[in-house]
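Visitor: One structure, as structure tokens, below. Some questions next.
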Amino acid sequence: MGISKQRQQLLNRWAFILSIPLFFGGWEIISRSGMVNPVLFPPPTLVALALYKWATQGPLLVDIAMSLSRVLVGFISGAVAGILIGILTGRYQFIANLLTPVFQLLRPIPPIAFVPIVILWFGLSELGKWFLVFWGVFFTVWIAAHLGVQRVDKTLIRAAQCLGTPEQKMLPEVLLPGAMPYILVGLRTSVSISFYTLVAAELAGTFSGIAYRIDIAQQNLQVGQSLGGLIILGLISAMADKAFGVFSKKMVWWS
Amino acid sequence: MNPEIPLSTSTSPVAQPSRQYAAPIAGQSGHIAIDQIRIAFGTGKQSFLAVENFSLEIEPGEFVCLIGPSGCGKSTVLNSIAGFITPTQGTVSVDNRQIDGPGGDRGMVFQQPSLFPWKTVLGNVAHGPLMAGKSKAVAHGIAQDFLEMVGLANFKKHYPMMLSGGMQQRVAIARALANSPQVLLMDEPFGALDAQTRFMMQENLLKLWQDLKTTVVFVTHDIDEAIFLADRVVVMSANPGRILKDISIPLPRPRAIEILLDQKFATLKKDCFDLIRQESLLAFEQQKIGT
Ligand SMILES: Nc1ncnc2c1ncn2[C@@H]1O[C@H](COP(=O)(O)OP(=O)(O)OP(=O)(O)O)[C@@H](O)[C@H]1O
Ligand SMILES: [Mg+2]
């Protein structure tokens, strides 16, 4: 009414630009106002300082590299296994009958519940971390690939058969690309799952990693570094999600 | 919208010398023998008899149209030649080999183009030759030839979704033919197209067929289309599906669309029409009693 359309658009733009500065500004003011205990709730400037120290005098880069490598190894192995087995169970009734009941039994177990057992099995080694992330990723991707294959247009499969496509070529030529849109949805969900699982894996016991450092800093009451670690984790997983969006577009170039 | 390339119909149907690959299939292959088949879906009380006592012999290079009311089993018969359905009784053979599954010797064009959306137009047409073990260069050469024959060589780098429905269906025809099948099966391939595009597609198909001498089994419920295309029109009836009449179409070839105005065409059309009308009325009465 009173506001013109242009003005409204300008306001909307500014709301977007100011969103993050306002958040940090408000946090800074509240932390410094005396309303809260600044030791437990340090302002963002102090968090930034803690991060800077962590990067220059501490092992920030190593921590990031360790966390990333755990996510990558677990995610890639879980994704590859999930896609392959999902295509097989989606296509062949025998394999589906053999594996689906077991998978449906194991799938609902939250990966975090495995932490104690994993420590017994693998100790504090990297293998245990990879296993947990793998567990989180595998079932999600498997289900997506399984359903994706079953939803591939039946006429497309028939067309391929009439063109003399042998069964073993059906997988790379028709089933995989046909199921790809579904698989990508599963993979994207798995990106965030793998970060959840990473945190659980690192809290359970290790010697490096972002979540590990958050835990240690908390024990030393270095809340600034803990919060800094959270921001780093948030940034990394947001970036992973963004990168995945770009990757998805490349993988389904035809739509 | 999408550019539709007009298909010239006046040019001679002789293969152009530039085409290396699109040659007529060798010898007298493409003989189809359907012997006393019976096809039932489901078992027990739910069982439904779709086709019964159906025999049909088709000579190499013949163009046969199957027509009949909706649900009479046209697609079922075609699918049994393709190998998607195994008859409960009786046999289907192509060139004296009994069919036991789908294969590259029997190409199929469906009502929907069913192109691989992740492949380019050229990639779609080259798929069959590649699967047959041809090198990429040869497969692309073949695909190029067949795309020229359907007038879409300029669109080879496009993806299917960038083409109109009629263009997609031409790609699907080129894809099926590029595999040099002995038999081309077509299930209402032009059913989803507008009348104008249909005429062009029909003329183009006849031209391709005269070049390649492939046996064609073409399902339609359009009587004009059947008579215009076919050497023989096989009229089916429903419940269960069986052959009502096998009408040969002695119209001269090459045929152009003007033949629709011919007196002989009109007589043939009336014969078919009367048959189907009687049959539809009968089916209608049966359905009334049945309920
Ligand atoms: N998989 C199936 N299971 C059960 N019944 C089926 C199956 N496929 C076809 N039928 C039945 O068999 C009959 C013949 O079907 P078909 O698809 O061959 O008919 P059609 O002549 O091709 O019909 P239209 O012109 O509508 O395509 C129909 O009554 C149909 O309901
Ligand atoms: Mg049908």
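The values are calculated or read from the model by the stated rules, or taken from the named source; none is laboratory data. What you see is a predicted model, and the numbers here were worked out from it, not measured in a lab. A quick note on method: Cβ atoms are made from the backbone with ideal geometry, for glycine too, and the neighbour counts reach across all protein chains shown. For the accessible areas, the whole protein counts, side chains as well, though only heavy atoms, and no ligand, DNA or RNA atoms are used. Shrake-Rupley method; radii C 1.70, N 1.55, O 1.52, S 1.80 Å.
Visitor: State the number of residues belonging to region B:253-266 that are surrounded by fewer than 11 Cβ atoms within 10 Å (Cβ to Cβ) and over 19 Å from residue B:200 (Cα atoms).
Guide: The qualifying residues number 1.
Visitor: In this structure, does residue B:104 turn out to be part of a loop (DSSP other than H, G, I, E, B) and either open to solvent by 20 Å² or more (accessible area, probe 1.4 Å) or within 16 Å of ligand 2 (Cβ to nearest atom) (or both)?
Guide: yes
Visitor: Inside region A:185-209, can you point out the residues that are farther than 17 Å from residue A:61 by Cα and either open to solvent by 50 Å² or more (accessible area, probe 1.4 Å) or without any contact (Cβ under 8 Å) to a residue 12 or more places away in the chain (or both)?
Guide: Listed by number, the residues that qualify are A:185, A:188, A:189, A:192, A:196, A:203.
Visitor: Considering only residues that are farther than 26 Å from residue B:159 by Cα and facing chain A (nearest Cβ under 9 Å), which ones fall in region B:87-104?
Guide: Passing the criteria: B:101, B:102.
Visitor: What are the residues in region B:53-86 that are more than 14 Å from chain A (Cβ to nearest Cβ), closer than 14 Å to residue B:215 by Cβ and within 12 Å of ligand 2 (Cβ to nearest atom), if any?
Guide: Across region B:53-86, the qualifying residue is only B:66.
Visitor: Before we move on, is residue B:229 at pLDDT 95 or above, within 14 Å of chain A (Cβ to nearest Cβ) and open to solvent by less than 10 Å² (accessible area, probe 1.4 Å)?
Guide: For residue B:229, the condition - at pLDDT 95 or above, within 14 Å of chain A (Cβ to nearest Cβ) and open to solvent by less than 10 Å² (accessible area, probe 1.4 Å) - is not met.
Visitor: Would you please list the contacts, defined by Cβ atoms under 7 Å and residues six or more apart or on different chains, that run from a residue in region A:146-171 that is more than 8 Å from chain B (Cβ to nearest Cβ) to a residue that is among the charged types (D, E, K, R)?
Guide: A:149/A:91
Visitor: Report whether or not residue B:129 is part of a helix (DSSP H, G or I), of a type outside the set (Ser, Thr, Tyr) and more than 30 Å from residue B:283 (Cβ to Cβ).
Guide: Criteria met by residue B:129.
Visitor: Only one of (1) away from every other protein chain (no Cβ under 14 Å); (2) of a type in the set (Val, Ile, Thr); (3) closer than 30 Å to residue B:158 by Cα fails for residue A:231. Which number is that?
Guide: For residue A:231, the failing item is (3).
Visitor: Here's a follow-up. Among all residue pairs at least 6 apart or on different chains, which show Cβ distances below 8 Å where the first residue, located in region B:245-256, is closer than 18 Å to residue B:207 by Cα and the second is of a type in the set (Val, Ile, Thr)?
Guide: Listed by first residue and then by second, the contacts come to B:249/B:227; B:249/B:233; B:251/B:227; B:251/B:259; B:256/B:9.
Visitor: Does residue B:6 meet the test of being at pLDDT below 95 and within 16 Å of ligand 2 (Cβ to nearest atom)?
Guide: no
Visitor: Going by the structure shown, is residue A:132 in contact with a Pro (Cβ under 7 Å, 6 or more places away or on another chain) and away from every other protein chain (no Cβ under 14 Å)?
Guide: Answer is yes for this residue.
Visitor: I'd like the full set of residues that are within 10 Å of chain A (Cβ to nearest Cβ) and open to solvent by less than 10 Å² (accessible area, probe 1.4 Å), limited to region B:107-124.
Guide: Result: B:107, B:109, B:116, B:124.
Visitor: Need the failing condition index for residue A:79 against (1) among the small types (Gly, Ala, Ser); (2) more than 14 Å from the chain's Cα centre (by Cα); (3) open to solvent by less than 40 Å² (accessible area, probe 1.4 Å), just the number.
Guide: (2)
Visitor: I'm trying to understand the selection: among the residues of region B:70-98, which are surrounded by 20 or more Cβ atoms within 10 Å (Cβ to Cβ), in contact (Cβ under 8 Å) with a residue 24 or more places away in the chain and either assigned to a loop (DSSP other than H, G, I, E, B) or not polar (S, T, N, Q) (or both)?
Guide: Scanning region B:70-98 gives B:72, B:73, B:74, B:77, B:78, B:81, B:82, B:85, B:87, B:92, B:94.
Visitor: Open to solvent by 50 Å² or more (accessible area, probe 1.4 Å) and touching a helix residue (DSSP H, G or I) at 6+ places or on another chain (Cβ under 7 Å): is that true of residue A:158 in this structure?
Guide: In short, no.
Visitor: Residue under question is residue A:46, and the condition is that it be aliphatic (A, V, I, L, M), in contact (Cβ under 8 Å) with a residue 24 or more places away in the chain and open to solvent by 50 Å² or more (accessible area, probe 1.4 Å); does it hold?
Guide: yes
Visitor: Step by step: first the residues of region B:188-219, then only those that are within 16 Å of ligand 1 (Cβ to nearest atom) and crowded, with 21+ Cβ neighbours inside 10 Å, then the one that is nearest to residue B:60 (Cα to Cα). Which residue is that?
Guide: B:217
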